[in-house]
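Novice: If you scroll down you'll find the structure; I have some questions about it.
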Amino acid sequence: MIKTLKFQSQAVAKPYFMAALLLFVGQIVFGLAMGLQYIVGDFLFPAIPFNVARMVHTNLLIVWLLFGFMGSAYYLVPEEAETELYSPKLAWVLFWVFLVAGALTVVGYLTVPYAKLAEMTGNDFLQTMGREFLEQPLPTKVGIVIVALGFLFNITMTLLKGRKTSISLVLHIGLWGLALMFLFSFVNPHNLVRDKMYWWFVVHLWVEGVWELILGALLAFVLIKTTGVDREVIDKWLYVIIAFSLMTGILGTGHHFYFIGLPGYWHWIGSVFSALEPIPFFMMTVFAFNMVQRRRREHPNQAAVLWAVGTSVMGFLGAGLWGFIHTLSSVNYYTHGTQITAAHGHLAFYGAYVLVVITMISYAMPLMRGREANSQRAQSVEMWSFWIMTIAMGTMVLALTGAGILQVWLQRYSTSPQPFMTVQEQLNFFYWLRLWGGVGFLAGLVMYVISFFIGGEPRTAASVGGGNARAVPAQRA
C-alpha cells in the first residue's frame, strides 16, 4: 500500500534523520576508542589523544541530537499545524550549513592542536572555548546560532499560519528555550564561580529543563498517532508533566552549585528540588503505559510503540533513579565527578533523548518512504536492536556504577585514600565490562540502521494481531 505524507514538506525531515543516525554511529565509534584508552592508555596516541576523542564523542552527541530534534520538528509541526512548512528551501539550506560546519569542526579537533585551533578561530577576540560540551570554536558557535534562528523562524511561521495545538506549542517553547540557553555559551567570565554558573545555565537547563519539553511533545505526538487515544487526554498529561519538569528542573540546577563557591543554601535547594526531579519522569512512564493500555487502535508500526514505551522507562531509570542516587549534597560530596556521574549521564541521555529521537525516526521514516509501517521482518530486526542496545547500555551503566562505588571507597571515603591513578588501575575489570557493553551497543545500532534496508510487504493495520485490529471510533485527530 502506497501511503503519502499529509504534507509534502514533511519530507525535509528525512535528511536530518539520516544525518543524525550517521553522526550517532560516529559518536559510538569514538566512545569505543575512549573506552579502550581507559584500559590501554596509549591506544591511538598521539594521533587521537583521549581529550580529543572525548571532545568529538560529546560534541557528536549534542550535534546529532540537535539534528534529530530539528528533523522531528520539521515532520511534526506541519502535521500539527495542518499546513505546509513555511519554507522547505530554507530547511534544506540550514541542513547543509549545519552539517558542513559540524564536519569542519570535528576535522579541526582531529587535525589541529586545541590551543592552536582556539588561536586560529578568534578565541582571543571572544573567549568561548575550553569548557566541556561547549568546546566549539567561535565561528561554529556563531553558525549554530544562525542555524537555530533560521530553524526557529521557519517552524514559528508555520505554526502562526496554521492550527495551534498543545503539542506544537510545548515543542516551540522547548526549542526556543534551547536556543536562548545556548547564548550563555558566549559568556565566559574570568571569575571561575560565575563561569561555572553560566556553563550550567546551558548544560543543565538544556537536559533537565527545556529538552524535557521537547521530549514530552515528541512522545505525546507519537502516542497520539500510534494509540488513537483522544488528544484531550494526552494534552492533560503533557501539561502536568512539563509543569513538574520545569518546577523541579529549574531550581534543581542547584545540585551543580554545591561545591563551586556559591552560598550554602544551595545545598538545601539543590537537594530538595533534585530529589523531586524523578517525579516528571515517573509520570512519563505511567503516561506511556496508560496510553498504550487505553489504545483505540492497533497501529501497524509496533516498533515505534516499543521505542516510545522504552523512552519513558529508560528515561525514568537514567534521569530519575540514577540521578537521584547521587544528587543529595551529603552524598554528592563523595560521588561528584566519579564514574557514578558517568553512569547517570550515559543512561539519562540514552533513555530520555536518544530513545525519543529514535522513536520519531521509527514512526516517521516509513511514512516518508510511502508506507505506514515497515515489514514484519524489518520491524523484528528493529525491535531486536532496541533490546540489544538497551541491554548493552544497562551493562555499561552497571559497570560504571560498580567502578564509581569502588572509586568512592578507595579514593574518597577510605581512612587512607589512594591516589587517583592508583585507583584507576584497580577498576580495569569494570572498564573491560563497559567496553564490551559499548561493542554490543554499536552492534545494536548497526542492526537498527540495517532494518531500514530490509524489504518485504509493508505491515498494515489489518495485519496486526492476525487481522483483529481494533476499530478506531470517530475522534478529533
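Novice: Give the residue that is surrounded by the most Cβ atoms within 10 Å (Cβ to Cβ), with candidates limited to residues of the range 392-430 that are part of a helix (DSSP H, G or I) and of a type in the set (Val, Ile, Thr).
Specialist: Restricting to residues being part of a helix (DSSP H, G or I) and of a type in the set (Val, Ile, Thr), the top hit is Val397.
Novice: If you don't mind, another one. Please name all residue pairs, on different chains or six or more residues apart, with Cβ atoms under 9 Å, provided the first residue is in the range 419-431 and is within 27 Å of Ala392 (Cα to Cα) and the second residue is β-branched (Val, Ile, Thr).
Specialist: Every condition considered, the pairs that remain are Asn428/Ile39; Phe430/Thr401; Tyr431/Ile39.
Novice: Any residue that is without any contact (Cβ under 8 Å) to a residue 24 or more places away in the chain and either charged (D, E, K, R) or touching a Pro at 6+ places or on another chain (Cβ under 6 Å) (or both) - is there at least one of those in the range 366-376?
Specialist: Yes: the range 366-376 contains one or more residues that are without any contact (Cβ under 8 Å) to a residue 24 or more places away in the chain and either charged (D, E, K, R) or touching a Pro at 6+ places or on another chain (Cβ under 6 Å) (or both).
Novice: A further question follows. Going by the structure shown, is Leu5 in contact (Cβ under 8 Å) with a residue 60 or more places away in the chain and either open to solvent by 70 Å² or more (accessible area, probe 1.4 Å) or assigned to a helix (DSSP H, G or I) (or both)?
Specialist: When the stated conditions are applied, Leu5 does not pass them.
Novice: Out of the residues in the range 326-382 meeting the condition of being of a type in the set (D, E, K, R) and assigned to a helix (DSSP H, G or I), tell me which one is nearest to Val313 (Cα to Cα).
Specialist: If we take residues in the range 326-382 being of a type in the set (D, E, K, R) and assigned to a helix (DSSP H, G or I), then Glu382 is nearest to Val313 (Cα to Cα).
Novice: Take the range 145-183 and flag every residue that is open to solvent by 60 Å² or more (accessible area, probe 1.4 Å) and within 26 Å of Leu126 (Cα to Cα).
Specialist: Once the filter is applied, which keeps residues that are open to solvent by 60 Å² or more (accessible area, probe 1.4 Å) and within 26 Å of Leu126 (Cα to Cα), the range 145-183 yields Ile146, Leu149, Trp176, Leu180, Leu183.
Novice: Further question: Can you list the helices (runs of 4 or more DSSP H) lying wholly within the range 30-144 that have 2 or more residues being without any contact (Cβ under 8 Å) to a residue 60 or more places away in the chain, closer than 30 Å to Leu427 by Cβ and open to solvent by 20 Å² or more (accessible area, probe 1.4 Å)?
Specialist: 50-81
Novice: Still on this structure, please answer the following. I'd like to verify a number: residues in the range 223-247 that are open to solvent by 10 Å² or more (accessible area, probe 1.4 Å), under 30 Å from Gly337 (Cα atoms) and without any contact (Cβ under 8 Å) to a residue 40 or more places away in the chain, how many?
Specialist: So the count comes out to 4.
Novice: Would you confirm, using the coordinates I've provided, whether Glu212 is charged (D, E, K, R) and open to solvent by less than 10 Å² (accessible area, probe 1.4 Å)?
Specialist: Yes: the conditions hold for Glu212.
Novice: Still on this structure, I have one more. When you go through Asn301, Asn290 one by one, which is the residue that is closer than 30 Å to Val229 by Cα and either open to solvent by 20 Å² or more (accessible area, probe 1.4 Å) or without any contact (Cβ under 8 Å) to a residue 24 or more places away in the chain (or both)?
Specialist: None of the others qualify; the one that does is Asn290.
The values are calculated or read from the model by the stated rules, or taken from the named source; none is laboratory data. Given the structure is predicted, the values throughout are model-derived calculations rather than measurements. With ideal geometry, Cβ positions are generated from the backbone for all residues, glycine too; neighbour counts draw on all protein chains shown. Accessible surface is based on the protein model in full, side chains and every heavy atom, while ligands, DNA and RNA are left aside. Shrake-Rupley method; radii C 1.70, N 1.55, O 1.52, S 1.80 Å.
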